[in-house]
1. What do you reckon, is Ala414 outside the structural domain of Trp287 (by TED's automatic domain parsing), closer than 19 Å to Val468 by Cβ and surrounded by 15 or more Cβ atoms within 10 Å (Cβ to Cβ)?
2. Within the stretch 232-246, identify whether any single residue is surrounded by 14 or more Cβ atoms within 10 Å (Cβ to Cβ) and more than 21 Å from Ala147 (Cα to Cα), and answer yes or no.
3. Could you tell me whether any residue of the stretch 473-486 is under 20 Å from Pro338 (Cα atoms), at pLDDT 85 or above and more than 22 Å from the chain's Cα centre (by Cα)?
4. Answer yes or no as to whether Ser449 is outside any loop (DSSP other than H, G, I, E, B) and either in the same structural domain as Phe348 (by TED's automatic domain parsing) or not β-branched (Val, Ile, Thr) (or both).
5. Looking at Ser206, Ser277 in this structure, which one is closer than 30 Å to Pro338 by Cβ and hydroxyl-bearing (Ser, Thr, Tyr)?
6. Taking the stated definitions as given, is Lys207 assigned to a helix (DSSP H, G or I), more than 30 Å from Arg353 (Cα to Cα) and touching a Ser or Thr at 6+ places or on another chain (Cβ under 6 Å)?
7. Filter the stretch 655-688 down to the residues that are of a type in the set (Val, Ile, Thr) and part of a helix (DSSP H, G or I), then identify the one that is nearest to the chain's Cα centre (by Cα).
8. Among the listed residues Ile333, Ile324, which satisfies the condition of being more than 22 Å from Lys224 (Cα to Cα), assigned to a helix (DSSP H, G or I) and touching a Lys or Arg at 6+ places or on another chain (Cβ under 8 Å)?
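The values are calculated or read from the model by the stated rules, or taken from the named source; none is laboratory data. The model shown is predicted, which means the values in this text are computed figures rather than measured ones. Glycine gets a Cβ as well: all are built from the backbone with ideal geometry, and neighbour counts include every protein chain shown.
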Amino acid sequence: MAVWIQAQQLQGDALHQMQSLYGQHFPIEVRHYLSQWIEGQLWDAIDLENPQEEFKAKRLLDCLIQELQNKAEHQVGEDGFLLKIKLGHYASQLKSTYDRCPLELVRCIKHILYTEQRLVREATNSSSPVGGMMDSMSQKYQQINQAFEELRLLTQDTENDLRKLQHNQEYFIIQYQESLRIQAQLSSLATLPPADRQLREPALLSKRATVEAWLTREANTLQKYRLDLAEKHQKTLQLLRKQQTIILDDELIQWKRRQQLAGNGGPPEGGLDILQSWCEKLAETIWQNRQQIRRAEHLRQQLPIPGPIEELLNELNSTITDIISALVTSTFIIEKQPPQVLKTQTKFAATVRLLVGGKLNVHMNPPQVKATIISEQQAKALLKNENTRNDSSGEILNNNCVMEYHQTTGTLSAHFRNMSLKRIKRSDRRGAESVTEEKFTILFESQFSVGGNELVFQVKTLSLPVVVIVHGSQDNNATATVLWDNAFAEPGRVPFLVPDKVLWPQLCDAINIKYKAEVQSNRGLSEENLVFLAQKAFSSSSNNPEGLPEHDDDLVPESLPGRNFTFWQWFDGVMELTKKHLKPHWNDGAILGFVNKQQAQDMLMSKPNGTFLLRFSDSEIGGITIAWVAENPNKAGERMVWNLMPYTTKDFSIRSLADRISDLNHLLFLYPDRPKDEVFSKYYTPPLCKRTLYLRVNF
């Protein structure tokens, strides 16, 4: 708990969000007494996208309420009496709020726990509590918050000026009406006798002259006030544009890039809470300034005074509309991407979100989002705003969804839970391009109205590139296309431009991240592993006899020469095999894996007979072979290295690697000198299980 409080103290906007969430749903007394209980429950085990999980969520809600009631019953003393009442009230409040929608409770708690974990992680990773705030990220956030404070003060200043202008204009109109009244009185003097007219006319003329002189001066003053106010609004809009550029073109783009790299196994892109809070502040400030500009325009229409103010106000109104349009269209994003390898006739999901939906009350008229699949060429035309027909490149079932507003998290999103690609229409392929190199994208589009249909926005957003397959045999090639695109795409590219060749060090980083993520292991690829992979990738494209790139800036060919499969097919097969059947042995360091046949022979020939090692097959995708040193039965006194036929997923589905090694009595020591039972015995199938299986088969 102390670490949690310390983490909160280190953060700005995140602190406010946490306080807001706990304040509304989990007050500090509840958090204090139930922290271990909440964190000990299986909230993450509930799939929010599956309505059938509601029963589990209801059970957790009931347990939480029961825990609160139990805590309340055990409170004693005067302080305990007050806390007992509070805990009982919170239990009743939770029941009334979430009894009909327990999945919302799970969503809220997941959100809170995720934010808390992030805060604790950031606090733990900081060299010191104070030093954590001085890193570049904290400095950037501080600058953003300072800019928001400046915008708040500017907006408040223009609001005060606008009220003053309105007050002065209203007084001007009163005096103008007084001028008209005096003029009417002067006109009526013509009906009076000359003596009466001479008696009253001088006073009225003097009064009219005074009022008209004041009106002339005040008209100039009002015009100056209007120009000053317009100049202040120009300054505010300049700062708004700058702030919006930082948030949308820097922070949001970086989040999208992290999301893409996460598709390759990179670190999670992180939550959208801070980004949403910034975007909502932008929306609120923009809308306030827009309303001020409209009020200033109304005052000008109410009292037209010749001058440049009309043109200035038109320019300001156009600028503020452009700013809010850019904000709304840019914050319509894909929170959860569809799978990038998309198989036809297979269910898939995606989530889109509008980061400013709550502040602009878009949910008051819930918009509908439509998903369609389009080709790379259609995506290019779309981004160029070319007039193209709204043809899709396939048919997606269940491709319409209404955006829902979630009160607990303040998010407006559409969850597509049961989409399925019924069919795909491919373009004419030329040359050697295969179907697994063809990229598509899911287009999400909707229409939002803001301010009671005052503004209507057509919004569109494109998913990350997807490769469509119709058979599982195409999966590894498709995965390779996606890995390459995710790793080497650049922000703002033309869809879906990616280099054909990249520098070898870049590729090292990409495949290491991908391998660790797929195998779900902290043991990544070593320097020796990467050298082996370089030899494989450059096997016939390098002048180096060892097959290595001669320079760090040598370019990597995308395909593997000299084989009937690509480098990526081979590497994907290794990952798939390790993930499904070899993960514990890889984590134990029992699998050398990335060793070729000649290297294995050189390593084993210096070891005693029966020494063996495990290496990934060079010739078969998704295979691993056992190489061992033993006597040559055909030549006395000579030793040689033997290699078994590669084992594949099919083999390990029948019998595990550990059991197969146990069965082979001539295997004695795992390279370099570890007795095999010491390494593999904990993975052997227990003898009783073996016997039971034997009896069942023979029964």
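1. No.
2. No, the stretch 232-246 has no match at all.
3. Looking for residues that are under 20 Å from Pro338 (Cα atoms), at pLDDT 85 or above and more than 22 Å from the chain's Cα centre (by Cα), one finds at least one in the stretch 473-486, hence yes.
4. yes
5. Just a single option satisfies the conditions, and that option is Ser277.
6. no
7. Filtering first and then ranking leaves Val679.
8. It is Ile324.
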